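Right, one structure below, let's go through it.
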Amino acid sequence: MDKFSHLLIQCNHKILAVSLALSLTGITGLVSIGHSNGTFLSREVLIQSAALLLGMAAAAIILMLGYRCFMGLEAYLYIFSIVLLLSVYIPGLGTSFYGSRSWIDLGITTFQPSEPVKITFILLMASYLARNRESLSSPKGIFFTALYACPFILIVAKEDFGSGCVFCVIWIFMVFCSGLNLKIIGRVALVFCLLIPLFYFFLAGYQKERIDAFLNPENLDLPGNYQVWNSKVAIGSGGFWGKGLFQGTQKSLGFLPVPESDFIFSSIVEELGFIGGIVIILLFALFLYSSLKVTKYAKDLWGTLIGAGLVGMFFFQAFENIAMTMGLMPVTGITLPFMSYGGSSMLASMMGVGLLLSISTRQKV
């Protein structure tokens, strides 16, 4: 207990405080959504609160053990992660929502394997890149690095294109921070940009519809555009100060789609206004800035790479989700870290916080 107290005093308190503030704001938003449906303690509120407590416990364990405790477990983590991702295809266990077979049915709730696998993917990539850093200066080294990450990206993207993009961004951030030559980064980025149009033909039907809707925002008949239009109405109707907590109308009247998850930001901004939205964005900015500082001063390369992967994960998810609610990015179903309803997402986010706190207690002077 004394060791934990000592580590808690040493860790980066900004990361801890901001993550808890965002989580409690998200739960407050869920309470408001439940209130509009006639109940305060809705099922979503209870599950999200339980997930937060479980995530805090996981973060505390990671802080106690230290991020280096995962070294040497790469083979087990790799097999475990792939098996967990493939478990959604087991008949009677895997289940589909919104056209995506990405969840496991646990009876009382569902579990999304790709969320915790984001964390194990970061640990695995950090270990691989740290061991093979010198080979990254050659195209062959980059190819094998991409080959190592491909099973995760392909399995996830097949059913959930948004989460597949998160894995790609994590990989890019980590490879960049491993010391890769900038010329090689430029060439890889150029090839990737040239291949983007080809990816469209491999997308599922509903995924193509979302891309088409984003490219034609004025056509409300396309799937997704009507939802985004209502999201923008909710954000705009909040004005500067908002309508007041529990006073939102877009969600209570059923116009705002999936207000507890995909469009939680719109739901909260309608009630808290422009000021509330700016505060949320500034909290994410503070969280990312503090995480970058922790990453920069990590004691070893492994810590730096883990931090880079987590920064990439949190940055892309926050940016994509908030931009999506304003029609600035395609609708992908990516959750807003700490705030969107989802026990799997909350657990993964808090595990990421635990890793960042662990890295922060072992800093360079």
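Would the range 143-155 turn up any residue that is surrounded by fewer than 19 Cβ atoms within 10 Å (Cβ to Cβ), of a type in the set (Gly, Ala, Ser) and under 27 Å from Lys299 (Cα atoms)? Please lay out each step first, then the result.
If we filter the range 143-155 for residues that are surrounded by fewer than 19 Cβ atoms within 10 Å (Cβ to Cβ), which is where we start, we get 143-144, 146-148, 150-151, 154.
Adding the requirement that they be of a type in the set (Gly, Ala, Ser) leaves 146.
Subsequent filtering for residues that are under 27 Å from Lys299 (Cα atoms) retains 146.
Scanning the range 143-155, I find at least one residue that is surrounded by fewer than 19 Cβ atoms within 10 Å (Cβ to Cβ), of a type in the set (Gly, Ala, Ser) and under 27 Å from Lys299 (Cα atoms), so the answer is yes.
Residues Val279, Val258: which one is modelled with pLDDT of 95 or more, open to solvent by 10 Å² or more (accessible area, probe 1.4 Å) and under 22 Å from His35 (Cβ atoms)?
Within the list Val279, Val258, the selection yields Val279.
For the range 1-30, which residues satisfy the criterion of being touching a residue at least 40 places away in the same chain (Cβ under 8 Å) and among the hydrophobic types (A, V, I, L, M, F, W, C)?
Across the range 1-30, the qualifying residues are Phe4, Leu7, Leu8, Cys11, Ile15, Leu16, Val18, Ala21, Leu22, Leu30.
Those residues that are in contact with a Ser or Thr (Cβ under 7 Å, 6 or more places away or on another chain) and under 14 Å from Cys177 (Cα atoms), I need them from the range 283-301; list them, please.
Of everything in the range 283-301, those that are in contact with a Ser or Thr (Cβ under 7 Å, 6 or more places away or on another chain) and under 14 Å from Cys177 (Cα atoms) turn out to be Val294, Thr295, Ala298.
Can you pull out the residues in the range 232-267 that are among the hydrophobic types (A, V, I, L, M, F, W, C) and outside any loop (DSSP other than H, G, I, E, B)? First the steps, then the outcome.
Within the range 232-267, the first condition is being among the hydrophobic types (A, V, I, L, M, F, W, C), and the residues that meet it are 233-235, 240-241, 245-246, 253, 255-256, 258, 263-265.
Of everything in the range 232-267, those that are among the hydrophobic types (A, V, I, L, M, F, W, C) and outside any loop (DSSP other than H, G, I, E, B) turn out to be Val233, Ala234, Ile235, Ile264, Phe265.
Do we find that Leu215 is open to solvent by 30 Å² or more (accessible area, probe 1.4 Å) and modelled with pLDDT of 70 or more in this structure?
So Leu215 fits the description; yes.
Which count do you get for residues in the range 324-333 that are touching a residue at least 24 places away in the same chain (Cβ under 8 Å) and surrounded by fewer than 24 Cβ atoms within 10 Å (Cβ to Cβ)?
Residues in the range 324-333 being touching a residue at least 24 places away in the same chain (Cβ under 8 Å) and surrounded by fewer than 24 Cβ atoms within 10 Å (Cβ to Cβ): 6 in total.
Considering the range 236-251 alone, what residues qualify as being open to solvent by 30 Å² or more (accessible area, probe 1.4 Å) and farther than 13 Å from Ser266 by Cβ?
Gly239, Phe240, Trp241, Leu245, Phe246, Gln247
Name the residue, out of Ile15, Ile27, Ile9, that is β-branched (Val, Ile, Thr), assigned to a helix (DSSP H, G or I), more than 25 Å from the chain's Cα centre (by Cα) and more than 18 Å from Thr249 (Cα to Cα).
Ile9
Which ones in the range 74-89 are more than 21 Å from the chain's Cα centre (by Cα) and in contact (Cβ under 8 Å) with a residue 12 or more places away in the chain?
Residues satisfying the conditions are Glu74, Tyr89.
Collect the residues in the range 278-334 that are of a type in the set (Gly, Ala, Ser) and within 20 Å of Lys232 (Cβ to Cβ), keeping them in residue-number order.
Ala318, Ala323, Gly327, Gly333
Any residue in the range 274-288 that is of a type outside the set (A, V, I, L, M) sitting within a Cβ distance under 6 Å of a residue that is surrounded by 15 or more Cβ atoms within 10 Å (Cβ to Cβ) and in a helix (DSSP H, G or I)? List the pairs, counting only those 6 or more apart or interchain.
Taking only residues 6 or more apart or on different chains, the pairs are Gly276/Val269; Gly277/Val269; Phe284/Ala318; Phe287/Val18.
Kindly list the number of the only condition in (1) modelled with pLDDT of 95 or more; (2) surrounded by fewer than 24 Cβ atoms within 10 Å (Cβ to Cβ); (3) aliphatic (A, V, I, L, M) that fails for Val365.
(1)
Take Gly34 and tell me if it is open to solvent by less than 40 Å² (accessible area, probe 1.4 Å), modelled with pLDDT of 90 or more and either in contact with a Leu (Cβ under 9 Å, 6 or more places away or on another chain) or in a helix (DSSP H, G or I) (or both).
On the way: open to solvent by less than 40 Å² (accessible area, probe 1.4 Å): yes; modelled with pLDDT of 90 or more: no; either in contact with a Leu (Cβ under 9 Å, 6 or more places away or on another chain) or in a helix (DSSP H, G or I) (or both): yes.
It is false that Gly34 is open to solvent by less than 40 Å² (accessible area, probe 1.4 Å), modelled with pLDDT of 90 or more and either in contact with a Leu (Cβ under 9 Å, 6 or more places away or on another chain) or in a helix (DSSP H, G or I) (or both).
The values are calculated or read from the model by the stated rules, or taken from the named source; none is laboratory data. Just so we're clear, the structure is a prediction, and the values are computed from it rather than from any experiment. In this analysis, Cβ positions are derived from the backbone assuming ideal geometry, glycine residues included, and neighbour counts consider all displayed protein chains. For accessibility, only protein heavy atoms count, side chains too; no ligands or nucleic acids. Shrake-Rupley method; radii C 1.70, N 1.55, O 1.52, S 1.80 Å.
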